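*Asks:* Pasting a structure below so you can have a look.
Derivation of every value follows stated rules applied to the coordinates shown; laboratory data play no part. Since the structure is predicted, the reported quantities are computational estimates derived from the model, not experimental observations. Counting neighbours? That spans all protein chains shown, and the Cβs are built from the backbone with ideal geometry, glycine included.
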Amino acid sequence: MLRLQEREVDAPEVPVNVSQFVTFYESIQDWPEAEAVRRIGCPRMAYVGEKDEMAYPGGVDLKIAPTLRARRAELERMGWEVAEIEGRDHGVFTDPGVAVPVIRGFLDRVT
């Protein structure tokens, strides 16, 4: 993601200012994510559209669904609930008609 955002900073066809994303991704380069995730003690959930996978010019592939799918068993062993939304891509996060019932169901189960 950092490589992608660095390239898009100066891309005239990108309508938003992505420099904030470069700053964010630079800040987490050395963050021990796996260790931090293991320490989360509250109820936790991850959800993804089953088609959430994008290929960008320059050989940058963003494989959110395949990555979550590959690590699903590991996350579930750590107590995570993982939901894969059939037929959806990255836009599932902006569709309240789909996202809210999934999240609401999770919240109802943990409260």
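*Asks:* Using θ = phi - 60° and the Karplus form 6.51 cos²θ - 1.76 cosθ + 1.60, what ³J(HN,Hα) does each residue of the range 91-96 get, whole Hz, x for Gly and Pro?
*Replies:* Once rounded to whole Hz, the list reads x, 4, 5, 9, 10, x.
*Asks:* Subtract the Cα-Cα distance of Arg72 and Glu35 from 0.36 nm times their separation in residues, and report this length gain in nm to one decimal.
*Replies:* Computed gain between Arg72 and Glu35 is 11.7 nm.
*Asks:* Apply 1/(1 + (r/R0)^6) to the Cβ-Cβ distance of Ala55 and Thr94, taking R0 = 25 Å, and write down the FRET efficiency to the nearest 0.05.
*Replies:* 0.75
*Asks:* Please work out, to two decimal places, the log10 of the ratio I(q)/I(0) at q = 0.13, 0.16, 0.20 Å⁻¹ from a Debye calculation in which every Cα of the range 41-110 carries one identical scatterer.
*Replies:* The computed values of log10 I(q)/I(0) come out as -0.41, -0.59, -0.86.
*Asks:* Still on this model: Quick one: net charge of Val37's neighbours, Cβ under 15 Å, K/R +1, D/E -1?
*Replies:* Residues close to Val37 contribute a combined charge of +1.
*Asks:* Could you compute the net charge surrounding Asp89? Neighbours are other residues with a C-beta less than 13 Å from the C-beta of Asp89; K and R count +1, D and E count -1.
*Replies:* -3
*Asks:* Add +1 for every Lys or Arg and -1 for every Asp or Glu among the other residues with Cβ under 13 Å from the Cβ of Arg109, and state the total.
*Replies:* Result for the neighbourhood of Arg109: 0.
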